[in-house]
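Working notes, beginning with the structure itself.
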Amino acid sequence: MKNLHKALIAVGIQTALFGPLAQAQDTLKRANDNSLEQITVTAQKRTQSIQEVPISIATISGERFENIFSGGDDILALAVRVPGLYAETSNGRVAPRFYIRGLGNTDFDLAASQPVSIVMDDVVKENVILKSFPLFDVAQVEVIRGPQGTLFGRNTTAGIIKFDSVKPTEDFDAYAKLGLGNLGTVNFEGAVGGGLAENLSGRISVLSQNRDDWINNAYTGEKDAFGGFDEKAWRAQLLYSPSADFSALLNVHGRELDGTASVFRANVFTKGSNDLNENFDRDVVYYDGDIDGNGADNNPQKYENYGLSLNLEFGFDGMNITSITALENAEGLSLGDIDGGVTLSEPADINGDGSEELTYPGFIAFSAVTQDNLDDLKQFTQEIRFASDTDGALSWQAGAFYYDSSFNVTSIDGYYGATTVFHENTSWAVFTQTSYALNDKLTITGGLRYTYDEKSLRVGQQNVNGFALVTGDASIQDYDDINVDDGQVSWELSANYRLDNNTSLFARAANGFRAQTIQGRDVAFEGAPSVADSETINSFELGFKSDLLDNSLRLNVATFYYVIDDVQFSAIGGGANNTALINADKGTGYGFEIDSQYVVNDNLILTAGYSYNHTEIQDDTLTVLPCGANPAFGATGNCTVRDPRPDGFKAAIDGNPFPQAPESIFTFTARYTTPVGDNGEFFVYTDWAYQGETSLFLYDSVEFTTDGNVEGGLRIGYENFANNYTVALFGRNITDAENVKGAIDFNNLTGIVNSPRIFGIEAKISFF
């Protein structure tokens with residue numbers, strides 16, 4: 001049987017497409033063989049060379065993965081590290097929002113639906129909190145671009161980011177890695193695994209990431225009031241494999257986070273400019289946000305997540321059966337001083353410079369502080385797959401998937417009070433995919449999927465802080481339960497043609513479906529729930545994959561075009577900071593990705609990637625309220641809107657790019673080594689990422705458009721092969737670039753910026 005667990009172990013020791021070709025030891029041992037290493041992926045649920053798969057795929061593993069996360073960053077560090085991939089958040093180290101080829105969802109609510117699926121150890125992580133599970137002891141990351149669904153349990157219209165952890169083997173191995181850095185950064189990662197008994201092996205992996213609070217609250221006078229985090233995570237795996245025809249892998253994992261939510265900074269833009277102004281100070285904010293009346297809360301964040309999965313594989317004559325059963329639980333809270341500054345009832349010398357102000361920094365229309373509690377999240381998934389296991393021209397897979405999730409979100413506002421909404425989502429699907437090799441050059445693949453999805457929302461208890469609503473009622477009005485459902489067929493057709501042993505051409509057409517979505521957040525702020533209709537995407541891509549120059553240069557290129565009918569968006573902002581789901585008539589996108597890797601010689605390896613992505617909203621009737629615009633108060637907004645405004649308030653967004661969709665991404669890495677003695681080497685590794693023009697919201701404005709964001713990393717160290725240890729100096733965001741990553745636009749020009757420069761020393765030792 002082609003055991004998938006063994007395949008994933010093999011994946012874990014392969015070289016990444018965008019990282020060094022292999023571990024430093026392998027590089028040294030290659031001597032005069034300056035050639036590319038083979039990369040294997042499981043994007044089609046089979047172990048294949050990445051050069052044979054007719055899909056645009058990028059991988060990250062090994063040293064490059066370790067470099068990206070050496071400073072203690074969370075999963076968002078993957079943003080702009082792969083062409084076509086972006087990520088951002090306004091929820092700290094939880095609830096990341098991912099975008100592939102411009103497709104994503106800017107909705108910050110804990111019930112948001114995302115078109116990019118996160119799959120960890122073959123289990124889909126659907127809720128945004130589950131998507132943020134820390135990354136450690138990872139074998140490989142695969143970024144699979146374009147609609148997926150005929151092979152994966154959860155359907156997706158944008159793509160999949162697939163994480164595979166290192167699996168247990170019968171051979172003993174262990175490692176420990178400790179990093180110390182500025183701002184009190186202490187990171188530890190370790191794992192130990194091996195045979196436990198006959199046919200039974202195990203592996204335990206742990207992670208601890210800590211950073212001290214380092215941001216001052218100048219309003220309260222608190223030094224080092226927030227900005228830090230304490231993240232703990234672990235994973236225990238047991239693999240029972242009594243024969244080549246059966247294996248059972250149990251995965252139990254958990255995480256605990258105690259830290260700071262996103263830091264919002266009031267009025268860091270001047271109207272008419274997107275440059276950070278004099279109000280921005282990375283180390284200082286002015287916060288008065290107070291939910292419970294006990295003083296400024298300083299944006300705390302606490303989350304717990306525990307889960308388990310059981311992966312069973314059975315081998316029969318000519319066929320394999322795989323069953324994956326998984327359960328996830330999570331709960332926690334985040335609080336945000338959303339206005340990012342101070343508002344007072346009477347003027348005071350807030351800044352200590354003798355000038356008395358009502359608000360600081362800059363004008364803030366009103367105070368806004370919100371806490372969101374996620375309670376009793378339960379996610380159950382069951383996937384079963386049947387796959388051929390023969391050497392013939394025909395190969396096939398078929399499967400079924402069941403998903404059930406329930407949770408409630410309580411939004412607490414210092415003005416309105418607390419409101420709880422209950423969400424439930426049930427989905428099931430059947431899918432199949434078949435490939436046929438017409439000859440030794442041409443392989444055709446086709447797939448079908450039927451998905452049924454049902455969602456419901458119920459409004460629970462509502463506690464109002466004695467606030468009389470516009471309707472005159474003494475309490476929030478009751479809403480009927482909302483139930484939506486839909487079922488659709490998706491498909492894909494692809495062809496891969498090998499020109500020769502080193503070059504292949506591929507073409508792929510795929511259809512995807514994202515079911516209706518319910519958004520209930522506005523209920524807590526006098527608004528009604530909103531529902532977005534289902535969206536469907538038709539995607540087309542052409543590309544080639546080649547290994548050139550005597551197998552020393554890898555060049556993979558893909559070009560794509562897609563059309564989305566009834567594309568789902570989140571209209572966020574306006575004077576009331578509403579969060580409403582809307583559908584645009586159509587959305588289109590086109591562009592290309594280039595992934596390259598060049599082994600210059602025994603000492604130097606270069607990689608580069610580039611993506612161009614043009615997206616466009618096509619709906620000549622769709623309008624949204626921009627940046628604080630509120631017709632009820634005659635407010636036209638506080639930013640420079642470049643869209644037509646038919647009624648003087650709302651912005652017409654026809655022709656605009658999708659929000660948070662970088663037009664271009666460029667990545668570059670270089671690794672230079674030189675031998676030291678017979679058993680070691682000195683190395684220098686650097687990586688850089690560039691993010692092109694990006695609109696933060698649905699509307700087009702000067703202030704909320706970013707361009708030219710650049711971040712770089714550097715690692716200098718020594719590796720000893722005889723004793724299996726490495727010592728290195730590291731730096732992340734080494735230029736201390738101040739890049740805008742997001743914004744809050746409803747009552748002032750609030751920005752969210754990237755993390756500061758982190759530098760330190762790291763040591764790793766391995767045992768075999």
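How many of the residues in the stretch 511-542 are open to solvent by 10 Å² or more (accessible area, probe 1.4 Å) and acidic (Asp, Glu)? Final tally of qualifying residues: 3. Annotation note: Cβ proximity below 8 Å between a residue of the stretch 536-550 that is over 11 Å from Ser56 (Cβ atoms) and touching a residue at least 12 places away in the same chain (Cβ under 8 Å) and a residue that is among the acidic types (Asp, Glu) and assigned to a strand (DSSP E or B) (sequence gap 6+ or interchain) occurs for Thr536/Asp565; Thr536/Asp566; Ile537/Asp565.
Scanning the stretch 662-713 for residues that are assigned to a loop (DSSP other than H, G, I, E, B) and either farther than 20 Å from Val740 by Cβ or of a type in the set (A, V, I, L, M) (or both) yields Gly677, Asp678, Asn679, Leu696, Leu698, Val702.
The set of residues from the stretch 510-563 being more than 23 Å from Pro147 (Cα to Cα) and basic (Lys, Arg) comprises Arg521, Arg554.
Just one residue in the set Glu711, Glu719 is within 20 Å of Gly609 (Cβ to Cβ) and crowded, with 21+ Cβ neighbours inside 10 Å; that residue is Glu711.
Within the stretch 244-263, residues that are farther than 20 Å from Ser208 by Cβ have Cβ atoms under 9 Å from residues that are open to solvent by less than 10 Å² (accessible area, probe 1.4 Å) and acidic (Asp, Glu) in these pairs: Asp245/Glu313; Phe246/Glu313; Ser247/Glu313; Ala248/Glu313; Leu249/Glu313; Val263/Asp337, counting only partners at least 6 apart in sequence or on another chain.
Among the listed residues Asp595, Asp620, Asp585, identify the single one that is touching a residue at least 24 places away in the same chain (Cβ under 8 Å), within 30 Å of Thr686 (Cα to Cα), among the charged types (D, E, K, R) and out of contact with any Phe, Trp or Tyr (no Cβ under 6 Å at 6 or more places or on another chain). Before the answer, list the steps.
On the way: Asp620 fails: within 30 Å of Thr686 (Cα to Cα); Asp585 fails: within 30 Å of Thr686 (Cα to Cα).
None of the others qualify; the one that does is Asp595.
Val124 meets the stated requirement of being crowded, with 24+ Cβ neighbours inside 10 Å and either assigned to a strand (DSSP E or B) or in contact with a Leu (Cβ under 9 Å, 6 or more places away or on another chain) (or both).
Candidates are the residues of the stretch 727-740 that are closer than 18 Å to Gly72 by Cα and crowded, with 21+ Cβ neighbours inside 10 Å; the one that is nearest to the chain's Cα centre (by Cα) is Arg732. Within the stretch 741-768, being among the small types (Gly, Ala, Ser) and either open to solvent by less than 10 Å² (accessible area, probe 1.4 Å) or in a loop (DSSP other than H, G, I, E, B) (or both) holds for Gly742, Gly751, Ser755. Restricting the first member to the stretch 306-328 and to residues that are within 24 Å of Phe133 (Cα to Cα), and the second to residues that are of a type in the set (Val, Ile, Thr) and in a strand (DSSP E or B), the beta-carbon pairs closer than 6 Å and six or more apart or on different chains are Leu308/Val252; Ser309/Val123; Leu310/Thr325; Asn311/Ile324; Ser323/Ile384; Ala326/Val123; Ala326/Thr381. For the residues Val138, Val143, Val94, Val119, the requirement of being under 13 Å from the mean Cα position of the chain (by Cα) and either surrounded by fewer than 24 Cβ atoms within 10 Å (Cβ to Cβ) or among the basic types (Lys, Arg) (or both) singles out Val119. When you scan the stretch 677-691, do you find a residue that is surrounded by fewer than 18 Cβ atoms within 10 Å (Cβ to Cβ) and of a type in the set (Val, Ile, Thr), even just one? Checked the stretch 677-691: at least one residue is surrounded by fewer than 18 Cβ atoms within 10 Å (Cβ to Cβ) and of a type in the set (Val, Ile, Thr).
Exactly one residue out of Val710, Val702 is within 26 Å of Phe363 (Cβ to Cβ), under 28 Å from the mean Cα position of the chain (by Cα) and among the β-branched types (Val, Ile, Thr), and it is Val702. Taking every residue in the stretch 437-456 that is buried (at least 21 other Cβ atoms within 10 Å of the Cβ) and pairing it with any residue that is of a type in the set (Val, Ile, Thr), at least 6 positions away or on another chain, the pairs with Cβ-Cβ distances below 6 Å are Gly447/Thr150; Arg449/Thr150; Lys455/Val484; Lys455/Ile518. When the stretch 235-248 is limited to residues that are open to solvent by 10 Å² or more (accessible area, probe 1.4 Å) and touching a Phe, Trp or Tyr at 6+ places or on another chain (Cβ under 9 Å), the one that is nearest to Asn329 (Cα to Cα) turns out to be Arg235. Residues in the stretch 56-79 that are of a type in the set (A, V, I, L, M), in contact with a strand residue (DSSP E or B) (Cβ under 7 Å, 6 or more places away or on another chain) and open to solvent by 10 Å² or more (accessible area, probe 1.4 Å): Leu76, Ala79. Each residue in the stretch 201-228 was checked for being over 30 Å from Leu344 (Cα atoms), surrounded by fewer than 20 Cβ atoms within 10 Å (Cβ to Cβ) and in contact (Cβ under 8 Å) with a residue 60 or more places away in the chain, and 2 of them qualify. Within the stretch 479-500, which residues are among the charged types (D, E, K, R) and more than 29 Å from the chain's Cα centre (by Cα)? The answer is Asp480, Asp481, Arg498, Asp500.
The values are calculated or read from the model by the stated rules, or taken from the named source; none is laboratory data. Computed from a prediction, not measured in an experiment: that's the story for all the values here. Please note: Cβ atoms are built from the backbone with ideal geometry, for glycine as well, and neighbour counts cover all protein chains shown. Heavy atoms of the whole protein, side chains included, go into the accessibility calculation; ligands, DNA and RNA do not. Shrake-Rupley method; radii C 1.70, N 1.55, O 1.52, S 1.80 Å.
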